[in-house]
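A.B. asks: First, the structure itself, so that you have it in front of you.
The values are calculated or read from the model by the stated rules, or taken from the named source; none is laboratory data. Here the structure is a predicted model, which means the values were calculated and not measured. So basically every Cβ, Gly included, is an ideal-geometry build from the backbone, and we count neighbours across all protein chains shown.
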Amino acid sequence: MLTVTEIAKKNEVNAGTLRRYHKQYGNIEKAVFICQMKRNERNTLVNGKIAIDDYAIILKMKPHELRRLLAEGKTIEELIKETNEKAKTNNGGEQKGEKILSIDGRKSLYQYCIDNSLNYSCIYYMMVQYGRNVEEATQAYIENGQQIPKAWIYERYGILLKHLMLKYKIDYSKIVKTMQKDEVNLEKAIEQYIIKKECKGKPVDDEWVCELYEVLTDENMKEEYDTYKKEFYVDDTEEEIIIASYERNVEIHRKLELYEIADTFKRGSFGEGKISKEEILIGYEVKPEEIEEIYLDLYGDYKEGVLKTTDEDIRGKEIREITKKWINMTEKERKEAVKRLEISKEEEESITTKSVEIAKMKQVVETSRLDDENLK
C-alpha cells in the first residue's frame, strides 16, 4: 500500500493533481493515467521547438489527431502544406496561412515570435482567425497577453454569435471568454460549453471528459472505439455524457455552418475569382429544406442584432411562410394571398425574388446529388 504522494513520485506526476482525480473517480489507476496524459501533452514538442497543442491550433486539428498522423510518418511540413492547400481551395483562391508562416518572405513567424518574446500559437491564431497583421497581433498580445480582444470576436462573428447563442440557450459571454482564454474558434468553444453543461452534477471531471470527447468522437477512430474506451478508463457516465454532447454539438455545428452561409450570402462577397453561391451550397452538401432555412429563417427574428417586436416577428413569419409556397401557387392564389395578408408591393417583390432564388438553388443541389449518385 502506497500513499498518493509516493504513487505520484513513482509515476512522475503532480501529487495534488493525482489526489484530485483519485477523489473524483475513486480509481488510482485511472487517476495516474489521466495525470500522465496531461503531463505528456504539456511536454510533447515537435522538432524540439513547438508543442503539439500549438501545432494543432496552426493546423486546425485535434491534438490527438496530430499525434496519430505524426506516428504514422507524416511530417509537420507536409501537414502545413496540406492545410495551406485546403485553405486555398476553401477560400476560392485566397491564401493566408502560407504568407503568415513567414514575415516579408524572409524571417519565419516562429523566429519573429522568439526574437520578440511572443507566444507563437497565440500570434498565429490572431492573424488567421481574425485577419490581423503581425503588428496588430503583436500589439494586442503586449496589451492583453493571450486574451483575444472581445471587439475582435464580435467583429468576426457579430450577430451570428448572439443569434446562435440565444437560439440554443447558451451563455455567449462564457463562449467569448473561452475563445479569448483558450485561443479556440467559435465551434470549439461551443463544443466545450456543451460538454461541461452535460457534466454538471455528475461524478466526473469536466476537463477530462473534454479530453475523452476529442478521442472518442474522432471519425478516424471508429474501429478503435472499444479499445480506446478500455485504454482511457472510460466509464458509463462519461460515455453517456460524450454521446449526448456529440449529438447536440453536431446539431449546433450544422446550424453554425448554415448561419455562416447565410451571412456570406447577405454580404454578397461574390465576384471574379471568388467561389459562387452554387459552389458553396454544393460544397457544404446543403439539403433542399436547408436552403429555405438559409434564405428565410436565419436572422429572421433579429434586426441589427436586436430582437424584433412581437408585431414584426408575426409579420416576418407570415411573409416567410407565403414565400415558401409562392413558387407553386397559381396567379389567382397569389392575388388572393396579397389581398388577404395586405402584402405591399415591396414585400411582393421580395417574396417573388426569394422564391425564384430558392427554387433555382434547390434545383442546383438536387442535380449535384443525382450526379454524385450516378458516379457511385
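A.B. asks: Name the helices (runs of 4 or more DSSP H) wholly inside segment 93-180 in which the number of residues that are at pLDDT 80 or above and more than 26 Å from Lys266 (Cβ to Cβ) is 1 or more.
C.D. replies: Values: elements: 97-100, 109-115, 120-130, 134-144, 150-157, 159-167.
Hits in segment 93-180: 109-115, 120-130, 134-144.
A.B. asks: Note down all Cβ pairs under 8 Å where the first residue falls in segment 157-169 and is of a type in the set (Phe, Trp, Tyr), the second is assigned to a helix (DSSP H, G or I), and they're at least six residues apart or on different chains.
C.D. replies: Within 8 Å, the pairs are Tyr157/Leu186; Tyr168/Ile252; Tyr168/Lys255.
A.B. asks: Output the number of residues of segment 185-217 satisfying the condition of being among the β-branched types (Val, Ile, Thr) and without any contact (Cβ under 8 Å) to a residue 12 or more places away in the chain.
C.D. replies: Of the residues in segment 185-217, 0 are among the β-branched types (Val, Ile, Thr) and without any contact (Cβ under 8 Å) to a residue 12 or more places away in the chain.
A.B. asks: Can you name the number of the only condition in (1) within 15 Å of the chain's Cα centre (by Cα); (2) touching a residue at least 24 places away in the same chain (Cβ under 8 Å); (3) over 19 Å from Ala244 (Cβ atoms) that Asp182 fails?
C.D. replies: Going through the list (1) within 15 Å of the chain's Cα centre (by Cα); (2) touching a residue at least 24 places away in the same chain (Cβ under 8 Å); (3) over 19 Å from Ala244 (Cβ atoms), Asp182 breaks only (2).
A.B. asks: Can you name the residue in segment 340-376 that is among the aliphatic types (A, V, I, L, M) and loosely packed, with under 12 Cβ neighbours inside 10 Å and, of all such residues, is nearest to Ser276 (Cα to Cα)?
C.D. replies: Once the filter is applied, the top-ranked residue is Leu370.
A.B. asks: Give the number of residues within segment 226-236 that are part of a helix (DSSP H, G or I) and surrounded by 15 or more Cβ atoms within 10 Å (Cβ to Cβ).
C.D. replies: Qualifying residue count, segment 226-236: 2.
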